[in-house]
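The values are calculated or read from the model by the stated rules, or taken from the named source; none is laboratory data. Just so it is clear, the structure is predicted and the values come from calculations on it, not from any experiment. Cβ placement follows ideal geometry from the backbone for every residue including glycine, while neighbour counts extend to all protein chains displayed.
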Amino acid sequence: MVPMLPVLDEPMSRPSLNVSMQLGVSHEILRSRRFFVIQRLGRPSEKNAVMSPGATEADEKSGRTRYWRCGRVAFPEPTKGALLFPHATNLKGARGLSPPYTVTLSVDDKARPGPRVCAGEPARIVEIILPAIPCGTARVPESERWEIVELYFKGRSQRKIAEATERTLKTVNRIVRAFKSCRRIKDAPWKPRSRVTTEQENAWIVAAAAVKPGLSAQQIKNTLDLRASVTTVKRRLREAGLKSRIAAQKPLLRGQNKEKRLQFSRQHAQRSTEEWKQVVFTDECTFTTSCVQQARIWRPDNTRYQPEFLQRVSKSGRSTVGVWGMITKDGLGPLVKIDGKFTANKYCEILTTVTHRELAKVHFSGAGPVFQHNRSPVHTSKKVEALLRQLKIAVLEWPPQSPDFNIIENIWGQMKAALASKPLHGMSRDSLWRAVHAEWERLKLDATLVDSLYSFLPRRMAAAIASGGDATRYENSPSSLVRTLHPGTSIVSERKETII
């Protein structure tokens, strides 16, 4: 009769493996230290796979036999309980588990005595929970290795030594060979495996990425005809300090525009921060609520179309609002909502009713304020230019394709970052305007924001000179204007500027 074993309730600290098996234990087995236990279901073709106890050849031919894959395990305190899978003691090359061991045993007394075959259950079912750790992690203690070597030189055969020390013949043979060949008892020093790429090939990989940064790892592998995998190519690039990142998007600058930007930067390179504070910066921006990019989510397998894991896409209901804003040395000015298409007439109305009034409130030293706006066709229209001359507002000659020189772009960027945390999907145009206006008013309360933006203008000029009139890092690229909001929602800011 199968004996009852105690239930060991110990906390689990590692991933576990649930096993059900037939129990057959004797007192001699309990006093032993090494036992075969079931690890998982196996197939007849697998090594260490054996038939269920009581199965016949007819059962095997019919395909109804349940096969089990067995392994070897050692319990640190065998007196607490041990298991032996019947008829598995003669298996060779069985793999086991290594410490720490946490074992939970439970016996089903309601099962009918005697072994059952095929789909039936064994008479006694025991559930074992063991940490799924390969047995190779358990090392033979150094004292036991010396014992094995000593027994070998006393004339004992390796098989007898394996039985005496309760180690496999392969383990004993490995320890004896290591001592005979190089008088080594401890593990051999670790030797890194040879690399699949040579130093020359590594240099070629880095050079290919340096010459053409847009090449993918697969393209580099194909171009150089390397035997290494794509993963190895990526690893070599990381070792050289090159990491795959999303390229910053900058406007494609024409040669003549680069020259104009360079001339503007040189002309104002010596301008101090206080002199820059005479400039009033303005710009328009359009905020739009729409789903424009895929959302990444964390979900279990086979749950792709469950409602909580879907990205809701709306083909209609997109709301947009256009705004015009200005910055002076005293801070953010008024934010004006633009209804409909932005035309020269609407811009003249803003200049007359808003800009002229706001400039009168600010005290400017010297010759007075200098008005800045970009080279949009609305800004350069004859009607607008005539009105500016009539209002006696000096206009700063602005180079084309130069949003990185305009500090109000940073304000738009901060507003987008703040709005990115709000659920704008399905929001009406009026609600969107209120959200945008609230963020503008919130930034007004930051007393140091505008001063810091003006103080960076000399650096922007220096950066443009250093790049030869090319784009600088101060510009808000189009890719940075798209920020993920709620699942399926994002906010896009589109600059109303046509380059001429």
**Request:** Select from segment 408-430 the residues that are of a type outside the set (A, V, I, L, M, F, W, C) and touching a residue at least 40 places away in the same chain (Cβ under 8 Å) and list them in ascending order.
**Result:** 409, 410, 413, 416, 421, 422, 423, 425, 426, 428, 429
**Asked** Going by the structure shown, is residue 223 under 30 Å from the mean Cα position of the chain (by Cα) and in the same structural domain as residue 430 (by TED's automatic domain parsing)?
**Response** no
**Item:** Where a residue in segment 371-396 is touching a residue at least 12 places away in the same chain (Cβ under 8 Å) and its partner, wherever it lies, is among the acidic types (Asp, Glu) and surrounded by 14 or more Cβ atoms within 10 Å (Cβ to Cβ), with Cβ under 6 Å and at least six apart
**Value:** 374/497; 376/497
**Request:** Identify all residues within segment 401-426 that are surrounded by fewer than 18 Cβ atoms within 10 Å (Cβ to Cβ), of a type outside the set (Ser, Thr, Tyr) and in a loop (DSSP other than H, G, I, E, B); write none if there are none.
**Result:** 420, 422, 423, 426
**Request:** Tell me, yes or no, whether segment 267-287 has at least one residue that is without any contact (Cβ under 8 Å) to a residue 40 or more places away in the chain and among the hydroxyl-bearing types (Ser, Thr, Tyr).
**Result:** no
**Message:** Conditions first: (1) more than 30 Å from residue 339 (Cβ to Cβ); (2) assigned by TED's automatic domain parsing to the domain that holds residue 424; (3) at pLDDT 90 or above. Residue 299 passes all but one, so which condition is the exception?
**Reply:** (3)
**Item:** segment 427-462, residues that are more than 23 Å from residue 335 (Cα to Cα) and buried (at least 19 other Cβ atoms within 10 Å of the Cβ)
**Value:** 460, 461
**Fill in**
Expected single match for in contact with a Ser or Thr (Cβ under 7 Å, 6 or more places away or on another chain), crowded, with 16+ Cβ neighbours inside 10 Å and within 24 Å of residue 468 (Cα to Cα) among 261, 236 is 261
**Prompt:** So which residues in segment 147-162 are over 15 Å from residue 184 (Cα atoms), among the charged types (D, E, K, R) and either surrounded by 13 or more Cβ atoms within 10 Å (Cβ to Cβ) or out of contact with any helix residue (DSSP H, G or I) (no Cβ under 9 Å at 6 or more places or on another chain) (or both), if there are any at all?
**Reply:** 154, 156, 160
